[in-house]
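Encoded as structure tokens, the structure appears first; notes follow it.
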Amino acid sequence: MDEQAPMIRVERLSKQFHDLRRGPVTALGEASFHVRPGEIFGLLGPNGAGKTTCLRILSTVLRPTSGRATVAGYDVATQAGEVRRRIGFMSGNTGIYDRMTAWELVEYYGRLYGIPEEPLRERLENIFRTLQMNEFRDMLGSKMSTGMKQKVSIARTIVHDPPVLIFDEPTSGLDILVARAVLETVDALRDQGKCIIFSTHIMREVEKLCDRIAIIHRGEILAQGGLAELVDRHAQPDIEELFFELIRRHDASSDAAATDSPPVPAADHSSRTTAARHTL
Amino acid sequence: MNWRNVKLIFLREVRDQLRDRRTLFMVAVLPLILYPVMGIGMLNMTVTFTEQTRTVLVVNAGDLPQPPLIASGRILERHFSSPADSEKIRVLTDAPEDEAALSPADARFLKEVRARLPRLEQLAALADEVRAAESASAPATAELKERLTSQQEELSGWFEQAPVQVLLIVPKNLRADVEAIHGRLAAGARDGEALELPSHPILLHNSADEKSAIAFRRVRQAVDAWEREVLRERLKLAGLPLSLPSPVQPVAIDLARTEKIAANIWSKLFPALLVIMSVTGAFYPAIDLGAGEKERGTMETLLISPATRHEIVTGKFLTVMLFSFSTALLNLASMGFTGQHMVALRAGTGAALGGMTLPTLTAVMWIILLAVPLAALFSALSLAFAMFARSTKEGQYYLTPLLMVAIGLMMFSMNPSVELTPFYSVMPVVGPALLLKALLLGTNLGSLAFSAVAVIASSLCYSVLALWWAIDQFQREDILFREAERFDMRLWLRHLLREKEAIPSFSEAAFCFVLILLLQFLSFNTMRDQFLAAQHDGRVLQLQMIYLLTTVATPALMMAVLLTRDPLRTLKLRGCHPKWLLAGLVLPLILQPLAIELLHQMRWFFPELPAGVEQTLKAMTNPGVPLWLALLAFAVAPAICEELAFRGFILSGLQRTQRYRLAAVMSSVAFGIVHMIPQQVFNATLLGLVLAALALRSGSLYPGVLFHLVFNGTQVLMARMPRDMTAESGLLDWVIRGTGEQMRFTPACLAVCAVLAVPLLMWLAFGPVARGWRDNYPAESGASAGEEATAVGA
């Protein structure tokens, strides 16, 4: 697949916020990566690392402070409409309407994407069958279980058959059965040749799904590449150890740079790693 | 904008709202049930409510002259305009057979009255004396009144405890005295002491007590009617015409048709209800569509759909408007029908109220037409608030202020003395409310045509502005993704005072404006009194300067020093290219004639000047005041104080948004608002735009100060120009025509000014902002890239 041109190009993308408590905050600092069709690109990072900010910029909901990102050749800042037509976005924040049935909701978004009525109906039947949603197609959002809601969200994400799919922690807060179903769907979408970005903080998901990953922490991409390649390059036993090692190194260097905070004792490495593993 | 998407969003939102039981209840069920239920409640109240009878005690009842006033414990029915009122007054008398039947409390009271009779008579005599003195407008009444008051006080404590509400004391031998005067008159006597009564009956009552007041009103009405009968008796006996007491007898004919009486009631109720219901009808759906969607996490889902934010907001706006509109109209219809039904019911029971016809079809059409701009305005406003709110709970907090402002404006327009004027017709809410009031009262549409156009056009303008604001809110990331962060007062204060920034923030600028408004509001009464009481015009000018210094300059200076790291930069106290100073010198001279002419042409539009202002304006023209003082008060002080505040602190804060045009407009509107008087608000807002442009382009306050100084200075000089000066020097003939108050600029002069002003203003408006400002706060987009090419050096 390497011969194919990247669907998503992110070049030196930055986003700054202003926070009352912390002053100007860099949520994302000069991130760059490419994603090709038929590939799942994993964004791996702890909470608050800047994953969501990055993906929101890609979905045109936020504007970048500097840098450039294109989706299918369209700039996310200047051609937002074209970009939105070509992506499907799903995250913990993309809820579904309480007072709409599953069918109505997916149909509504299909119409917003400008799909004509007849093909839309066929597409809906198809999606509802594939995702096994027919038993609750006329159920209101407020009555659905989490698993049903998640299926509706996925159906909504793929209703217009977009070449690019963005999943921002799609499994957070789900029970294991639902989470597994979501991951299987994502895997199936890759096999259809979609270009997929998948952000998570769960190592197993990355190992199972992703072709290439970027480890992101405090708004910076610490490393990126194929899974095996990364593990080899940094001489770590697995992706999990690699992740914590990279984060430890980054924190140690930035702590050393800051004059007023005490440096992290190097001997504390292993216990820190375990502590961090628990929090994740 | 893709209207297909707008329609899709609109239809979805409407369906969503219709599936929400709360909305349905608010919009449809509540109005349909509320008014009939309230009507039934009121009906029950009126049925079960019977007025208590009140008691009047008549002392020496036997001495009442003919014809009879009282018979068997009642005042005769014929003395009341409504005969049923006779039942509501119970009469006790001291006639021997009645006295035996008195209750112990009444009997005790009668005894007390008898004991106090001399004092009561004394009081009556005194009251009579005061009455006589007042009718003769004699000066010695003050002392009499004082005595009367002291005597009244002694008795009032006693009467408050009385078991009766009104006490009628008839003087002994009144009957004989009246009949004696009848006789003398009949015998031809026409003047002299003998025709006056030696003493008058006393009607004792206590108007501070509601029961006594009602009883007295009834008794008084009956006694007056009875007195007229006594008079007729007297005239008949004396052989005089019965028309003697009313020699002119004008005939008053009430041409009010019953539907007009109804119209009068509708004209008060409908505009009020329309305004309130438009607000509430818009608010709840707006909160659900704005903050609710944020809260439930469906907002982001919608944002990543192909619909643009304009389309989303427009779709939501149309939904809110539909609900606001239907709520208002349903409420009006329900109230109208209930009201009519109620009146019909009451009319059936015999009360003479006349039918309450519903408004005519034309009036109904007007109600519907005017409900549109009102609904649009409140929908857009509510939506903007709802977008701003983080949660539905926060959103609810914004309802009260919005409702209060709407009700305030509505109350103002409900005032019977407020009528539709050109100025009011362009005010939000007030315009539609007054127009509707006039239309419901049946004012001829022809005479309202102009106002109607003005009201609808201006209302639509306000709605579009509000909608634009809502869309703007929706496009801002910080508002769309506002996290529910905990507010820490201490942290915030520390941040404010310690971690200062070079120039103020947007909210600090807004706060400065609010502070100026508050200070002006607080000092308003004191200053006005001082102005009116000022002994000489010099004092007025001093006050004017103090006012400006304390309410305008001080807040800006204080905030600049306290809250910013670089007060000089904040207040724009720095040099600039001389060409800006030149512009500040020349522009006011060119704009002055145009501004004066514009205000003159707009004179019909504005209300009269209030008294305090006239006083100030008079002081400006008073030749007795030294010229330097006038210039100091009207040119130097405003130029420095107002520029420091509005182009200094406030504009510096507003321009941080990078939206310079918006900042210029907002600062000049703020500048306009503090001028309070409509004429000056208008004038100052326009000039504020020029001043803001000068400040933004030059990056310095000085050109603006110079502009302001020259502009106000020439006004002072013109006002003090000798009246005959124009006549003497032919040089000014081509500039000025007329003299004194009538002075105007010639069309030639105005044309020259306009030709000069247009390119200058264009140059000012379309150029780039001064460099120092852009460098520190680079624009987010490349929008200002073009401007940099022609940047102006500081």
Can you compute the modelled spin-label distance between B:VAL248 and B:VAL405, with each label point 7 Å from Cα toward Cβ, in nm?
5.2
Enumerate the whole-percent occupancy of each 5 Å bin, from 0 to the last occupied one, for all C-alpha pair distances of region B:64-117.
4, 17, 23, 20, 18, 13, 5, 0
Given the pairs A:LYS151/B:LYS316; B:LYS294/B:LYS393; A:LYS51/A:LYS194; A:LYS149/B:LYS393; A:LYS15/A:LYS51, which span a C-alpha to C-alpha distance of over 18 angstrom in this model?
A:LYS151/B:LYS316; A:LYS51/A:LYS194; A:LYS149/B:LYS393
Most exposed to least, judged by fewest other Cβ atoms within 10 Å, B:TYR702, B:TYR284 sort to B:TYR702, B:TYR284
Normalise the Cα radius of gyration of region B:54-238 by 2.2 N^0.38 Å (N = residues in it) and let me know the number.
1.08
Which of the listed residues, B:LEU332, B:ALA389, B:THR298, is farthest toward the dipole's positive end in region B:258-480, when Lys, Arg count +1 and Asp, Glu count -1 at the beta-carbon?
B:LEU332
FRET E, pair B:GLU210, B:LEU24, Förster distance 41 Å, beta-carbon r, rounded to 0.05
0.40
Can you spot the aspartates and glutamates whose alpha carbon is less than 13 Å from B:LYS236's alpha carbon? Ignore those fewer than 8 places along the same chain.
B:GLU179
Explain nothing, just the number: dipole magnitude of region B:14-127 about its Cα centre with +1 on each Lys and Arg Cβ and -1 on each Asp and Glu Cβ, in debye rounded to the nearest 20.
700
Calculate how steeply helix B:399-414 sits against the longest principal axis of the alpha-carbon atoms of chain B, using the helix alpha-carbon long axis, and give the answer as 0 to 90 degrees to the nearest 10.
60
Working from Cα positions, state the angle (0 to 90°, nearest 10) between the long axis of helix A:146-158 and the longest principal axis of chain A.
80
Run the reach check for B:LYS572 against lysines, Cα to Cα strictly under 18 Å, same-chain hits fewer than 8 apart removed. What comes back?
B:LYS500
For region B:188-286, report the convex hull volume of the alpha-carbon atoms normalised per residue, in Å³, without decimals.
208
Percent of Cα-Cα pairs per 10 Å bin, from 0 to the last occupied bin, for chain A, please list those.
6, 27, 33, 22, 9, 2, 0
When the C-alpha atoms of region B:420-484 are aligned to their principal axes, what extent does each axis show, in angstrom, from largest down?
54, 19, 15
Report the calculated FRET efficiency for A:ARG233 and B:VAL14 (r = Cβ-Cβ distance, R0 = 41 Å), to the nearest 0.05.
0.10
How high is the FRET efficiency between B:LEU599 and B:LEU573 when r is their beta carbon distance and R₀ equals 41 Å, given to the nearest 0.05?
0.80
Rounded to whole Hz, the Karplus (6.51, -1.76, 1.60) HN-Hα couplings of region A:64-70, x for glycine and proline
x, 6, 8, x, 9, 9, 10
Would you mind computing Rg(Cα) / (2.2 N^0.38 Å) for region B:146-250, counting N as its residues?
1.35
Based on C-alpha coordinates, I'd like the Rg and Dmax of region B:489-602, in Å.
19.1, 54
What does the net charge come to around B:SER698 if you take all other residues with beta carbon closer than 9 Å to its beta carbon, with K and R at +1 and D and E at -1?
+3
Could you give the radius of gyration (one decimal) and Dmax (whole number) of the Cα atoms in region B:258-480, in Å?
19.3, 67
At q = 0.08 Å⁻¹, what log₁₀ I(q)/I(0) does a Debye calculation on the Cα points of the protein assembly as shown give, no solvent, two decimals?
-1.06
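Any chance you could list the semi-axes, whole Å, largest first, of the equivalent ellipsoid that the Cα gyration tensor gives for chain B, using √(5λ)?
Computed over chain B, the values are 67, 39, 26 Å.
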Degrees separating the helix A:117-130 axis from the principal Cα axis of chain A, which is the longest one:
60
Summing -39500 (n - 2.57) over the DSSP H runs of n ≥ 4 in the protein assembly as shown and dividing by its residue number, what mean residue ellipticity at 222 nm do you reach, to the nearest 500 deg cm²/dmol?
-18500 deg cm²/dmol
What are the lysines whose alpha-carbon lies under 21 Å from the alpha-carbon of B:LYS437, with same-chain residues fewer than 8 places away excluded?
B:LYS260, B:LYS268
Figure the gain on full extension for B:GLU99 and B:MET365 (residue separation times 0.36 nm, minus the Cα-Cα span) and round it to one decimal in nm.
89.1 nm
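Readers should treat all values here as calculations from the given coordinates under stated rules, not as data from a laboratory. Worth saying up front: this structure is predicted, and the values here are computed from it rather than measured. Here the Cβ is made from the backbone with ideal geometry for all residues, glycine too, and neighbour counts use every protein chain on show.
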